[in-house]
Amino acid sequence: MAIELEPPYILSGTLSLIFVVFAIVIGLRIVSKYFEHKRRELLFVGLTAILISEPWWPSAFGFLNILITGEALPDQIYLLMGVSLIPMLVLFWLTAFTDLLYKEKQKIILIAFAIYGALFEIFFLSFLVINPSIIGSISGYFDPNYGLFVRVYEISLLGIILITGVLFARKSLKSDDKEIQLKGKFILVAIFSFIFGGALDIVALLEFPSPTSIILVVIARLILISCAVEFYIGLILPERIKRIFLKQ
């Protein structure tokens, strides 16, 4: 029997899909700049922009799958879809970050986090096969509710993104170049938008689909969509934005 989604789940899935599509398109746009300028950090930042939406892939693609087939995917597929590439996300971001700052420490930083990510993947895949409930469960039809193991890892990575992002933005803000300063401001806003939007989304899904949680999910995912746009502006600084904020 085909699944008939209630309006709250249609809203949740639609907003997730919009965020994921925004992130993928913007990421590919940044990657395309790599081929134009041959700057390696643009390649890895673009890949980061794509993968930063991964925790919302189960909601986005699960929703799309139900619309097309009328059936939900197995819980393990949702959990695998939402977590398995996060260690790659961190390595891509840290590669870009250390290309621009702390180049002399790049190798040791990347090796340390490659080991950290590999250990996480080993335990994650083992738990997924042996006891998926350790990884988490599915709330409603497609939104993952992760357990402590995944949450602790995600929080540690949010800390890494926050620290490195602030360091990168601070360096930009200290520049004498007004364009670089503006980029730093947008990147800083994007980082805080992602952290706040992601945290709000987690809290909202704990009680979903209560009326309050529906409102919080809408707010959280709109913030995440804005984060993708802010991140793009901070990296590329389109001419239209430049003209608006740098009128002089």
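Structure above, values below:
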read-out: Within region 4-28, tally of residues that are surrounded by 15 or more Cβ atoms within 10 Å (Cβ to Cβ) and either basic (Lys, Arg) or more than 23 Å from ALA204 (Cα to Cα) (or both); value: 3
read-out: Residue count, region 206-248 (criterion: part of a loop (DSSP other than H, G, I, E, B) and modelled with pLDDT of 90 or more); value: 1
read-out: Test: ILE50 is touching a residue at least 12 places away in the same chain (Cβ under 8 Å) and touching a helix residue (DSSP H, G or I) at 6+ places or on another chain (Cβ under 7 Å); value: yes
read-out: VAL45 under 11 Å from the mean Cα position of the chain (by Cα) and among the hydrophobic types (A, V, I, L, M, F, W, C); value: no
read-out: Set ILE18, ILE68, ILE24, ILE52: member being under 14 Å from the mean Cα position of the chain (by Cα) and over 17 Å from LEU89 (Cβ atoms); value: ILE18
read-out: Answer from SER139, SER126 - the residue that is at pLDDT below 90 and among the polar types (S, T, N, Q); value: SER139
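The values are calculated or read from the model by the stated rules, or taken from the named source; none is laboratory data. The structure displayed is predicted, hence computed values, not measured ones. Glycine gets a Cβ as well: all are built from the backbone with ideal geometry, and neighbour counts include every protein chain shown.
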